[in-house]
Amino acid sequence: MKRRDKFMSVPRQSGRERASTERIQDFNEYKEAFSESEASEQASRCMDCGTPFCHVGETYGHVKIGCPVYNLIPEWNLLVEEGDFKGALERLHQTNNFPEFTGRVCPAPCEGSCTLSINEPAVAIKQIERTIIDIGFEKGWVVPRVPLNRTSHHVAVVGSGPAGLAAADQLNQAGHQVTVFEREDRIGGLLTYGIPAMKLSKDIVERRVDLLKAEGILFKTGVTIGLDVTLDELEQAFDAVILCVGATEPRTLPNLPTSGVGYAMDYLTSVTRHLLSNQSLLEQHDTRGKDVLVIGGGDTGADCVATALRQGCRSVVQFGKHEMPGQVRANDNMWPDTPNLFTLDYGYAEAFDQFGRDPREYLIAITRYTTSDSGRLTGVWTIHNEKVKQADGSIEFRAIEGTEKYYTVDLMLIAIGFSGVEQTVLNELIVESERGKIKTKGYATNRKGVFAAGDARRGQSLIVWAIREGREVAEAVERHLSLMTQTG
């Protein structure tokens with residue numbers, strides 16, 4: 001019986017990783033793609049479900065199901081199993097502009113919604129996706145697609161993260177003339193300066209940007225809206241403007257020491273800038289020989305742990321306010337919702353090998369800081385909490401007496417997420433906003449011809465959601481430009 005029973009005999013593999021003792025010596029990617037034969041074998045585990053939840057890509061309340069860009073996963077799994085990687089690549093590019101990004105850094109909600117994952121390890125969808133696109137580039141199948149016909153419409157995209165790049169790609173392929181404005185010195189947004197190179201090589205980002213340039217998109221770096229050009233000026237020069245400015249206003253903590261504290265994204269950006277341009281690191285961004293504390297339990301915090309290890313920190317610990325996830329799904333986190341399970345991510349595995357322990361501390365709170373005479377952070381006192389569910393369903397965290405502990409800290413990095421678009425950016429844009437995000441109706445802002453997408457519109461989210469937003473805002477802009485043409 002072809003395909004449908006292979007999951008019973010073929011165990012899941014997730015791809016080879018370089019040894020942690022080797023990879024913490026550099027910032028090269030820590031994980032490799034499958035070989036063609038490995039990808040074909042892993043794709044054979046796909047069950048060819050009657051209803052492929054991995055493909056659904058919808059959110060129902062708090063339940064998130066499948067791939068937000070509706071990747072045709074069962075179709076390209078079959079093609080990969082049969083060895084037709086070129087056909088699989090064509091299917092993959094139908095829904096995903098940048099599978100080399102998602103195949104490396106997406107948390108893979110598709111795998112959490114894989115039918116097989118109800119009681120078996122899911123199909124290795126993310127690693128297969130990465131392998132398809134990597135083979136496509138290696139074999140020269142990914143080439144510039146220059147539009148045969150151009151319209152007279154000019155579109156400005158502000159921000160070159162995944163949402164901005166996806167919108168630019170879609171509109172350029174439709175024949176419009178697209179210019180992307182980026183305030184940094186390199187294109188890519190958080191793809192370049194937010195995600196560390198060991199997860200996503202900057203050569204991979206540049207390769208895609210070079211392709212987009214060859215297809216006719218114009219990129220302008222070092223352009224800050226409000227400082228170098230105003231939104232009013234963009235409206236005058238372009239038929240439509242898309243704001244993909246991200247949501248990088250960091251959440252903070254009260255009563256912080258005056259020094260020895262920094263924000264995670266500033267730290268990661270500084271380290272990547274140093275790697276790419278050999279610019280000098282700020283003293284506080286060099287963790288060599290330091291005791292490092294990371295506040296926040298998400299992916300950005302994990303990236304800070306991995307980065308500090310590569311810089312040669314003396315120790316690193318990460319604090320989270322939530323409880324340790326379980327090994328199996330909780331009753332309120334059932335399939336096909338994205339699973340919240342305990343995993344040993346790359347940085348945590350590296351820290352374990354380096355220091356003999358997982359760096360994460362759960363249900364922990366800082367009670368006070370200790371500082372030097374100059375106000376520099378020297379350490380923190382902490383206490384552990386217990387999570388108590390009240391009769392009305394609300395959650396309360398109660399301190400557990402006797403669990404006080406002191407940690408010596410030279411640098412504390414805050415990685416507790418983002419509250420929305422940077423306030424200075426919102427002030428310059430002069431568009432209607434709501435709770436720190438740009439307010440839209442069908443991607444349109446309150447200014448005619450001005451649209452918004454990505455984290456700036458929906459708040460902090462995943463790269464794959466940003467790509468979906470970019471594709472959908474491009475459709476909204478297409479309708480706007482079509483109406484402009486009809487009305488003359």
Checklist line | Listed candidates (1) 1.60; (2) 1.01; (3) 1.05 - label of the one calculated as Cα Rg over 2.2 N^0.38 Å | finding: (2)
Margin query: Run the numbers for Leu275 and Gln25: contour at 0.36 nm per residue of separation, minus the present Cα-Cα distance, in nm.
Written below: 88.7 nm
Check: Can you work out the FRET efficiency for the pair Val388 and Val63, with r the C-beta to C-beta distance and R0 = 35 Å, to the nearest 0.05?
Finding: 0.90
Margin query: At 1.4 Å probe size, with the rest of the protein present, what percent of the exposed accessible area of the chain is carbon and sulfur atoms?
Written below: 49 percent
Check: Label Met334 and Glu475 with points 7 Å out from Cα along Cα→Cβ: what is the distance between them in nm?
Finding: 3.1 nm
Margin query: Check which residues have an amide H placed less than 5 Å from Val229's amide H, if you skip close sequence neighbours.
Written below: Thr224
Item checked: Distance (nanometres) between label positions extended 7 Å along Cα→Cβ at Ser482 and His322 -> 4.0 nm
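Using heavy-atom solvent-accessible surface (probe 1.4 Å) with all chains present, what is the largest-first order of Asp134, Asp5, Asp392?
Reading off the accessible areas and sorting them downward yields Asp392, Asp5, Asp134.
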Margin query: If the only charges are +1 at each Lys and Arg Cβ and -1 at each Asp and Glu Cβ, what is the size of the charge dipole of the chain around the Cα centre, to the nearest 20 debye?
Written below: 280 debye
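Could you work out [θ]222 nm for the chain from helices alone, using -39500 (n - 2.57) per DSSP H run of at least four and dividing by all its residues? Round to the nearest 500 deg cm²/dmol.
-10000 deg cm²/dmol
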Notebook entry, point to check: All other residues with a Cβ under 15 Å from the Cβ of Tyr346 taken together, and with Lys, Arg as +1 and Asp, Glu as -1, what is their net charge?
Noted result: -1
Item checked: Whole-Hz couplings from phi, Karplus 6.51/-1.76/1.60, listed for region 145-158; x for Gly and Pro -> 10, 7, x, 6, 10, 10, 8, 8, 7, 10, 10, 9, 10, 9
Checklist line | Under-5 Å amide H pairs with Phe219, H placed in peptide plane, nonlocal only | finding: Val180
Notebook entry, point to check: Counting only heavy atoms of protein chains, what accessible area per residue, in Å², does the chain have with a probe of 1.4 Å?
Noted result: 46 Å²
Check: Where the centroid of each part is defined by its Cα atoms, how far is region 79-126 from region 349-393 in Å?
Finding: 37 Å
Next item on the list: Could you pull out every Cys in the chain that lacks a partner Cys with its beta carbon under 4.7 Å away?
Entry: Cys46, Cys49, Cys106, Cys114, Cys244, Cys304, Cys313
Check: Taking +1 at the Cβ of each Lys and Arg and -1 at the Cβ of each Asp and Glu, which of Val105, Leu89, Trp141 sits farthest along the dipole of region 85-155 towards its positive end, judged by Cα position relative to the Cα centre?
Finding: Trp141
Checklist line | Residues whose placed amide H lies under 5 Å from that of Glu58, excluding near-sequence neighbours | finding: Ile65
Notebook entry, point to check: With each label point set 7 Å from Cα along the Cα-Cβ vector, what nm distance links Leu256 and Lys139?
Noted result: 4.9 nm
Notebook entry, point to check: Within the chain, which complete DSSP H helices have Cα atoms spanning at least 24 Å along the helix axis and a mean Kyte-Doolittle hydropathy of -1.0 or higher?
Noted result: 463-487
Notebook entry, point to check: region 197-222 to region 130-160: how many Å between their Cα centroids?
Noted result: 10 Å
Check: Among bridges DSSP assigns within the chain, what percent are antiparallel (round to 5)?
Finding: 45 percent
Notebook entry, point to check: Once the piece of chain linking Val10 and Asp353 is laid out straight, how much longer is it, given 0.36 nm per residue of separation minus the C-alpha distance between them?
Noted result: 120.6 nm
Check: Among Trp335, Trp76, what's the order by accessible area (1.4 angstrom probe), most exposed first?
Finding: Trp335, Trp76
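The values are calculated or read from the model by the stated rules, or taken from the named source; none is laboratory data. Because the structure is a prediction, the values reported are computed rather than measured. Positions of Cβ are backbone-derived with ideal geometry, glycine not excepted, and every protein chain shown enters the neighbour counts. The area values use the complete protein model at the heavy-atom level, side chains included, leaving out ligands, DNA and RNA. Shrake-Rupley method; radii C 1.70, N 1.55, O 1.52, S 1.80 Å.
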